[in-house]
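A short worksheet on the structure shown next.
The values are calculated or read from the model by the stated rules, or taken from the named source; none is laboratory data. This is a predicted model, so every value here is computed, not measured. When we count neighbours, we look across all protein chains shown, and the Cβ atoms used for this are built from the backbone with ideal geometry, even at glycine. Side chains are part of the model used for accessible areas, which takes the heavy atoms of the whole protein and leaves out ligands, DNA and RNA. Shrake-Rupley method; radii C 1.70, N 1.55, O 1.52, S 1.80 Å.
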Amino acid sequence: MKRVKSTFDRFLKGDNSGKHSGRPRFKPRSRYRTFTYPQIKEGCLQHDLINLPMFGKVKIILHRPIPDGFKIKTASITRKADGYYVTLSLADETVPEIKPDFNPESITGIDVGLKEFLTTAQNETVAIPQHYCKAQKRLKVIQKRVSRRKKGSNRRLKAIKQLGLQHKKVADKRRDFHFKIANNLLKKYDVIAYEDLNIKGLAKTHLAKSVHDAGWSSFLSILATKAEKAGSLTIAVSAYNTSQNCSKCGVKVPKELHERWHSCTCGCSLDRDHNAAINIMNKSVGHPDFKAKSLRSDSWIVLEAHALTS
């Protein structure tokens, strides 16, 4: 009921900035996948069992232990293609503030793209994996299987589950790739600068499928979170003319999107993405966030556990 009320409020009244959401549509049982307990009893989690109101004790696989002193505030149950998950929100007022302890000399800039996933200012490149594009052939076969089966039949439901599992496999591969790349960058550099891109706008162009497949927004979010935990620093700089300006003399050298090589009259000649990464790094040096300031970490930590139903 609370969700329905908030949905209609956003539709009729709008949010704080006056923006209205779309008209609420009927949500059938098959699309209702998450519900939240806004309050849950203390001590609800005992070893491999969680005591959920109206359900009783449910067996779970806890992917990591809950730290001492933390209190469970809320629990959200989510149905995914491979089973049910419970997400616990924890709070602890004694969580210390994290202050960045970085070496200003250990700095790089990264330019994300569709030719290479990213290029650093040191000309290190990471190939783009294209998880979705590689899985399209398999997804097409399963999608045909779904569309050919009778609506409401058990065979159609079985095919839908297979399709969901395949999509989840693609999403898990992409997320694992993002975490590994973020870890590798943070092992090498203490300060990482990146472009503040309008990713939502890029996702509405003819490159939408490739932009979504790369998952830049998810990667940059993971990078920023892991950097804060490690005491490192990430800086978002303006993307204006990072690909056009020369990284050596600063003169603007206009280039079309298909032109992948930067060549300037000053003698600077290098890959377009490498040139952009150097410009991004240079912009970050004068950024206010580059100065060592205390960063407050959020005291809310999300833990996820896999709940098994009998």
So is K151 over 17 Å from the mean Cα position of the chain (by Cα) and surrounded by fewer than 16 Cβ atoms within 10 Å (Cβ to Cβ) or not? yes
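Give the residue that is nearest to S284 (Cα to Cα), with candidates limited to residues of region 195-204 that are of a type outside the set (A, V, I, L, M, F, W, C) and open to solvent by less than 40 Å² (accessible area, probe 1.4 Å).
E195
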Could you please give the count of residues in region 250-282 that are under 24 Å from the mean Cα position of the chain (by Cα) and either within 13 Å of I107 (Cβ to Cβ) or polar (S, T, N, Q) (or both)? 3
With within 26 Å of Y189 (Cα to Cα), touching a residue at least 12 places away in the same chain (Cβ under 8 Å), over 27 Å from the mean Cα position of the chain (by Cα) and open to solvent by 20 Å² or more (accessible area, probe 1.4 Å) as the only criterion, which of S247, S217 stands out? S247
Of the residues in region 220-233, those that are of a type in the set (S, T, Y) and open to solvent by 30 Å² or more (accessible area, probe 1.4 Å) number 2
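Kindly provide the set of residues from region 148-176 that are small (G, A, S) and farther than 27 Å from G215 by Cβ, ordered by number. First the steps, then the outcome.
Of all residues in region 148-176, those small (G, A, S) come to 152-153, 159, 164, 171.
Those that are small (G, A, S) and farther than 27 Å from G215 by Cβ: G152, S153.
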L165 more than 20 Å from F219 (Cα to Cα) and within 20 Å of the chain's Cα centre (by Cα): yes
Let me spell it out: the conditions are (1) without any contact (Cβ under 8 Å) to a residue 12 or more places away in the chain; (2) open to solvent by less than 70 Å² (accessible area, probe 1.4 Å), and K187 meets all of them except one. Which number is the exception? (2)
